[in-house]
Structures are given as structure tokens and as C-alpha cells.
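Here is the structure we will look at.
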Amino acid sequence: MNQEEAYWTDRYRNNSTGWDIGFPSTPLKEYIDQLTNKNLKILIPGAGSAYEAEYLHSKGFDNVHVLDISSDPLEQFHQRVPTFPEKHLLHQDFFKLAGEYDLILEQTFFCSFYPSKHNRQAYVSKISELLRPGGKLAGVWFKHPLEEHSTRPYGGYRAEYLSYLTPHLALITFEDCFNSIPPRSGNELFGIFQKS
């Protein structure tokens, strides 16, 4: 088990999962509610408890793939949603994943990595590699200055995120969330980006 996997596994085993709200986050749920093509191949990286995947599955999306570097949340998810295809539960390092997806859902996964320029560029490069032409990245990023938070989740601000994302992906929208859950109100950005 590498250092990153050990870190997240320890967090799950010690119930140190303050980000886990117990249901799909409202911005992603409302985005999912607008999707009409149930054949989309969807990836949720760094999915944790993967409530969004459970919600998609309940709505008839059968090609959803859940990835996490720790096996613990994947095993918990499988117990909670036994009808979800086990082969779509990916215990893997995101940066070693192969394949192509129509949609990648981002739930502050970007903010889980140490915020070096290298890490943030590597994330966007991998997202671009995994998206099919015309594929979309959609989801939520934390909006708070890095200097205020020395530990995960690492934040950022809109212009900084765009400086990494837009060289690889076309901007559709990236604005303050209007439908965050109350504890996160004012601290989230919702974005949609597309691979050309």
C-alpha cells in the first residue's frame, strides 16, 4: 500500500470523513437530473462513498464507474448498493487509469491533492486523456484561498483553476454554486468543461 492509499484508508477506518454528507451533493444531483442519455460512460474519481454513483444507478445509468485509491469505501459502497456492477468499482490510482469516458464527475477530487503546480497540471492532463472528444468534466471545486488551509482539502480560486483547466478543456461554465448545501454555501464553484 503506497503512502497516498494508506492516508485515505486510515481516514476511512478512523471515520475521519468530515466531507461525507451522507447523500449526493445538491449541485451534482441537480446536474445529474438534467442528463437524458443513460448510455453515457461516466467516471467518478476519488469517489469515496459515491452517493452520486448510487443516485445515477437508481436512475438507470448502467455505465457508471467509481474509482478510489482506497478499497475501503468501495467495499462499503458494494455492501450498500449490491446491484451496482462490481466490475465498475475501480480500486486504482487515478493517474494509472486507462480508458475513455463521456463524462467525469468532479466532487472536489482536484482539491484532495497537494496543490503543487505539477500535481494540478497532472490532474488536468489525465482528465483530458480520459475524456472522449466531446466529453465533459462537470462538478464542484472548493473556493477558498490556499493560504487559509494548510491541509486537505486544498482550495483555490476561480482564475487559478481556470489557468490549469482551460489549456486542455473548453469552458462552458464555472461560477459560484447557487445550490450548495448550507455548510458549504459561498465556498464552492460549479463548473462544466468540454474536450474538443
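Numbers below:
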| read-out | value |
| --- | --- |
| Selection status of Pro73, modelled with pLDDT under 95 and surrounded by 22 or more Cβ atoms within 10 Å (Cβ to Cβ) | yes |
| Pick from the range 177-195, criterion within 17 Å of the chain's Cα centre (by Cα) and not in a loop (DSSP other than H, G, I, E, B), ranking: farthest from Gln107 (Cα to Cα) | Gln194 |
| Number of positions in the range 54-76 that are without any contact (Cβ under 8 Å) to a residue 24 or more places away in the chain and part of a loop (DSSP other than H, G, I, E, B) | 1 |
| Qualifying residue in the range 163-176 (condition: farther than 19 Å from Trp8 by Cβ, modelled with pLDDT under 95 and assigned to a helix (DSSP H, G or I)) | no |
| Test: residue in the range 12-20 that is in contact with an Asp or Glu (Cβ under 7 Å, 6 or more places away or on another chain), under 17 Å from Val140 (Cβ atoms), touching a residue at least 40 places away in the same chain (Cβ under 8 Å) and not hydroxyl-bearing (Ser, Thr, Tyr) | no |
| Residue, surrounded by the fewest Cβ atoms within 10 Å (Cβ to Cβ), within the range 21-31, restricted to residues that are in contact (Cβ under 8 Å) with a residue 40 or more places away in the chain and part of a helix (DSSP H, G or I) | Glu30 |
| Those residues of the range 114-146 which are surrounded by 18 or more Cβ atoms within 10 Å (Cβ to Cβ) and charged (D, E, K, R), in sequence order | Arg120, Lys136, Lys143 |
| Residue within the range 77-91 that is in a strand (DSSP E or B), within 19 Å of Ser163 (Cβ to Cβ) and under 17 Å from the mean Cα position of the chain (by Cα) present | no |
| Index of the failed condition, Asn37 passing every other in (1) assigned to a helix (DSSP H, G or I); (2) out of contact with any strand residue (DSSP E or B) (no Cβ under 7 Å at 6 or more places or on another chain); (3) farther than 17 Å from Gln76 by Cα | (1) |
| Residue match in the range 64-80 (condition: at positive phi and of a type outside the set (A, V, I, L, M)) | no |
| The one condition in (1) farther than 21 Å from Ala122 by Cβ; (2) surrounded by fewer than 16 Cβ atoms within 10 Å (Cβ to Cβ); (3) at pLDDT below 95; (4) of a type outside the set (Phe, Trp, Tyr) that Arg11 fails to fulfil | (2) |
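Residue by residue, here is whether (1) free of Cβ contacts under 8 Å to residues at least 60 places away in the same chain; (2) touching a Ser or Thr at 6+ places or on another chain (Cβ under 8 Å); (3) over 26 Å from Phe113 (Cα atoms) holds:
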| site | (1), (2), (3) |
| --- | --- |
| Asp33 | yes, no, yes |
| Leu40 | no, no, yes |
| Glu52 | yes, yes, no |
| His78 | yes, no, no |
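Per-residue answers, yes or no, for (1) buried (at least 18 other Cβ atoms within 10 Å of the Cβ); (2) out of contact with any helix residue (DSSP H, G or I) (no Cβ under 6 Å at 6 or more places or on another chain); (3) of a type outside the set (Gly, Ala, Ser); (4) over 16 Å from Gly139 (Cβ atoms):
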site: Gly156; (1), (2), (3), (4): yes, yes, no, no
site: Tyr161; (1), (2), (3), (4): yes, yes, yes, no
site: Leu169; (1), (2), (3), (4): yes, yes, yes, no
site: Phe193; (1), (2), (3), (4): yes, no, yes, no
site: Ser196; (1), (2), (3), (4): no, yes, no, yes
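The values are calculated or read from the model by the stated rules, or taken from the named source; none is laboratory data. None of the values given here were measured: they were computed from a predicted structure. A quick note on method: Cβ atoms are made from the backbone with ideal geometry, for glycine too, and the neighbour counts reach across all protein chains shown.
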